[in-house]
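Trainee: Can you read through this structure? Questions will come right after.
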Amino acid sequence: MNRLKGIAASGGVNIGKALLLGKEELSAPKIKISHEDISREIYRLEEALIETRKEISTLQKKILHDLGFDHAKVFEAHLLVLEDRVLIEDIIQQIKNKKVNVEYAFSQSIKKYIDTLLKLQDEYLRERVIDIEDVSRRVMRKFLKKEGTNLQELNEKVIIVAHDLAPSQTASLPKENILGFVTDVGGRTSHTTIIARSLGIPAVVGLESATRNIKTGDKLIIDGSEGVVFVNPPEKLIKEYHKKLSKITKDIKTIHISKVKAATKDKREVVVSANVELPEELSLAHEYGAEGVGLYRTEYIFLGRSDLPSEDEQYKAYSNVAKKMKPYSVIIRTIDIGGDKFLSQPQVPIEMSPFLGWRAIRFCLARPDVFKAQLRAILRASAEGNVKVMFPMISGVEELREAKKMLEECKKELKHEGVVFDEKISVGTMIEIPSAALTADALAKESDFFSIGTNDLIQYSLAVDRANEKVAYLYEPGHPAVLRLIKNVVEVAHQNNIWVGMCGEMAGEPLFAFLTLGFQLDEFSMPPPRVPRIKELIKNVNFQDAKTIAEHAIKLSTAKEVEKYLQDELKKILQDNFDKILLV
Ligand code: PEP
Ligand code: MG
């Protein structure tokens with residue numbers, strides 16, 4: 001057995017087979033063939049091209065049915081590559097003249113093709129490289145008679161093991177068949193963690209060498225609460241974990257799902273809402289008793305496709321969420337592309353420090369075409385439900401003013417076109433950069449509400465990349481610097497008569513939900529499966545106790561002291577309920 005230790009990203013345990021996702025090589029060994037073998041190699045080429053064409057057409061039909069025309073369109077480019085006469089002729093000439101095997105000839109021609117495209121000035125053609133690589137891998141698998149992993153058609157339950165998962169990959173996985181996520185890279189708030197938590201799937205990230213130590217088909221135990229993965233464990237341990245799994249399943253059932261507003265024993269009411277990335281999380285939000293959507297991460301509509309979603313397509317998505325959540329409110333955050341969520345189009349350059357770079361509102365303000373289409377879609381959706389708009393990564397008042405100016409321009413345009421929308425739509429600012437937290441007084445005067453994005457606030461105030469497993473030990477939500485910033489933001493918001501929520505992962509972590517309740521936070525937004533636990537916590541504590549404990553906690557010197565103190569105090573308050581609220 002091999003025991004691998006990583007970062008406990010999303011709680012719970014599971015037992016199942018590993019499915020290793022990797023990037024197959026596009027190169028192939030060179031084998032000399034005889035003159036008699038030439039026709040056989042050319043036949044293999046034709047056969048592989050026909051089979052790949054069939055495979056893509058089937059996939060295209062399925063995507064058209066499931067996700068619509070825009071997504072299916074991507075495969076047109078793939079089919080064109082397979083019909084490119086110049087490319088096919090080049091491969092055949094290599095087989096004939098150089099007397100080499102088809103895999104090698106194919107890999108050489110593709111390499112030439114890609115190199116030529118990469119040298120072109122035309123950005124559109126350069127972007128086709130991804131399509132060519134994708135389709136080439138499919139052809140290569142046909143030569144090697146290897147089955148590629150068609151995740152859409154996964155029909156057994158597996159634990160996904162990967163170096164990293166692109167947000168577009170995670171978004172398109174068949175969730176019902178995923179028992180867990182195991183990745184080499186990542187941290188407590190990287191995108192795989194966020195999705196895993198939202199779907200209530202255990203995840204261990206930042207294992208560094210999981211893909212080297214695990215093979216497809218290995219039996220795994222994933223313990224997302226402890227951050228451990230066991231590879232091919234003995235029967236005894238499997239039995240132990242089966243027991244653990246049934247206890248967790250039972251404990252989850254004992255946590256009451258409350259559909260009423262959360263209130264402490266001494267009657268302080270707060271809002272507990274859900275973070276949503278993918279459409280399927282909406283029903284989870286209802287199921288778990290969330291009182292609205294506190295963060296709708298719209299960038300997921302933009303990922304995993306080769307074009308931009310149109311205003312109409314966005315309008316449909318946003319109004320659908322607004323209608324389904326009515327009468328609760330939905331806070332639609334404008335796209336936060338960049339950092340570890342990247343687009344394939346429009347080409348966002350790969351940056352040295354992407355989290356500090358061209359991200360979120362910076363990208364939007366530089367691309368008014370993209371931003372205004374989204375703002376118009378949000379405004380149109382505001383006629384269909386209780387919609388609020390929120391801007392991410394605001395670093396100071398100027399950016400907020402510029403974003404609001406664009407919103408006003410969109411309002412004017414829509415009015416002129418006779419389109420209805422909520423003219424008094426609330427505008428919120430995400431507080432996730434230390435400079436915003438420290439100038440919250442100025443931002444509060446020009447915002448209708450705040451939402452504290454602790455995932456980023458922690459990384460920027462502690463200078464710790466949130467997705468880098470090597471510095472994950474320094475990523476401490478309980479760090480006194482973080483707590484002081486949060487406390488200041490809440491106080492300043494209230495002094496300026498606006499409400500303040502939190503949509504970073506901290507809001508769904510019981511110890512910190514309790515602490516920030518004591519700071520007088522008004523709203524807590526979290527992955528849907530966390531909602532019942534946080535509501536149960538709030539129901540079982542007194543606001544006055546939380547205040548007193550928070551006042552003491554903020555005077556402590558280290559994150560570890562803070563966590564230990566909060567744990568001891570909560571244990572005293574919750575007694576028998578402590579384990580099930582904190583440890584499930
Ligand atoms: C945050 O930074 O806390 C947040 C909620 O936004 P995201 O995780 O999408 O960056
Ligand atoms: Mg953020």
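The values are calculated or read from the model by the stated rules, or taken from the named source; none is laboratory data. Small disclaimer: the values here were computed from a predicted structure and weren't measured. So basically every Cβ, Gly included, is an ideal-geometry build from the backbone, and we count neighbours across all protein chains shown.
Trainee: If you go through the range 445-454 one residue at a time, do you hit one that is within 16 Å of ligand 2 (Cβ to nearest atom), surrounded by 22 or more Cβ atoms within 10 Å (Cβ to Cβ) and among the polar types (S, T, N, Q)?
Mentor: Within the range 445-454, one or more residues are within 16 Å of ligand 2 (Cβ to nearest atom), surrounded by 22 or more Cβ atoms within 10 Å (Cβ to Cβ) and among the polar types (S, T, N, Q).
Trainee: Still on this structure, please answer the following. Take the residues in the range 464-486 that are more than 16 Å from ligand 2 (Cβ to nearest atom) and of a type in the set (A, V, I, L, M, F, W, C); name whichever of them is farthest from E561 (Cα to Cα).
Mentor: So, considering only residues that are more than 16 Å from ligand 2 (Cβ to nearest atom) and of a type in the set (A, V, I, L, M, F, W, C), the one farthest from E561 (Cα to Cα) is V471.
Trainee: Show the residue pairs meeting these rules: Cβ distance below 7 Å; 6+ apart or different chains; first residue within the range 351-363 and assigned by TED's automatic domain parsing to the domain that holds K341; second residue assigned to a helix (DSSP H, G or I).
Mentor: F355/Q459; I361/E399; I361/A403
Trainee: Then there's this: Would you point out which residue out of V492, V471 is more than 27 Å from G200 (Cβ to Cβ) and surrounded by fewer than 21 Cβ atoms within 10 Å (Cβ to Cβ)? It would help to see each step written out before you state the result.
Mentor: Working: V492 fails: surrounded by fewer than 21 Cβ atoms within 10 Å (Cβ to Cβ).
Selected residue: V471, the only one of V492, V471 that is more than 27 Å from G200 (Cβ to Cβ) and surrounded by fewer than 21 Cβ atoms within 10 Å (Cβ to Cβ).
Trainee: Which one of the conditions (1) within 16 Å of ligand 2 (Cβ to nearest atom); (2) without any contact (Cβ under 8 Å) to a residue 40 or more places away in the chain; (3) under 20 Å from P434 (Cβ atoms) does L400 fail to meet, given that it meets all the rest?
Mentor: Of everything listed in (1) within 16 Å of ligand 2 (Cβ to nearest atom); (2) without any contact (Cβ under 8 Å) to a residue 40 or more places away in the chain; (3) under 20 Å from P434 (Cβ atoms), L400 misses just condition (2).
Trainee: Tell me whether the range 269-286 contains one or more residues that are hydroxyl-bearing (S, T, Y) and either closer than 24 Å to D223 by Cα or not assigned by TED's automatic domain parsing to the domain that holds Q314 (or both). It would help to see each step written out before you state the result.
Mentor: Within the range 269-286, the subset hydroxyl-bearing (S, T, Y) is 273, 283.
Now narrow it down to the ones that are either closer than 24 Å to D223 by Cα or not assigned by TED's automatic domain parsing to the domain that holds Q314 (or both): none.
For the range 269-286, residues hydroxyl-bearing (S, T, Y) and either closer than 24 Å to D223 by Cα or not assigned by TED's automatic domain parsing to the domain that holds Q314 (or both): absent.
Trainee: Restricting the range 255-298 to residues that are among the acidic types (D, E) and touching a residue at least 60 places away in the same chain (Cβ under 8 Å), which is nearest to G339 (Cα to Cα)? Break it down into steps so the answer makes sense when it comes.
Mentor: First, the residues of the range 255-298 that are among the acidic types (D, E): 266, 269, 277, 280-281, 287, 291.
Those still in the list that are touching a residue at least 60 places away in the same chain (Cβ under 8 Å) too: 266, 277, 280-281, 287.
Values: D266: 41, E277: 16, E280: 24, E281: 23, E287: 31 Å.
Looking at the filtered set, the residue picked out is E277.
Trainee: Which of the residues that make up the range 15-59 are out of contact with any helix residue (DSSP H, G or I) (no Cβ under 7 Å at 6 or more places or on another chain) and either crowded, with 18+ Cβ neighbours inside 10 Å or assigned to a strand (DSSP E or B) (or both)?
Mentor: Within the range 15-59, G16, K17, A18, L19, L21, K32 qualify.
Trainee: Is it true that T249 is away from ligand 2 (no atom under 16 Å from the Cβ), among the hydroxyl-bearing types (S, T, Y) and within 18 Å of E469 (Cβ to Cβ)?
Mentor: Details: away from ligand 2 (no atom under 16 Å from the Cβ): yes; among the hydroxyl-bearing types (S, T, Y): yes; within 18 Å of E469 (Cβ to Cβ): no.
Answer is no for this residue.
Trainee: Select from the range 287-299 the residues that are of a type in the set (D, E, K, R) and within 16 Å of ligand 2 (Cβ to nearest atom) and write down the one among them that is modelled with the lowest pLDDT. Quick ask: steps written out before the conclusion?
Mentor: Within the range 287-299, the first condition is being of a type in the set (D, E, K, R), and the residues that meet it are 287, 291, 297, 299.
Add one more test, that the residue is within 16 Å of ligand 2 (Cβ to nearest atom), and what stays is 297, 299.
Details: R297: 95, E299: 91.
Step by step, filter the range 287-299, then rank; the result is E299.
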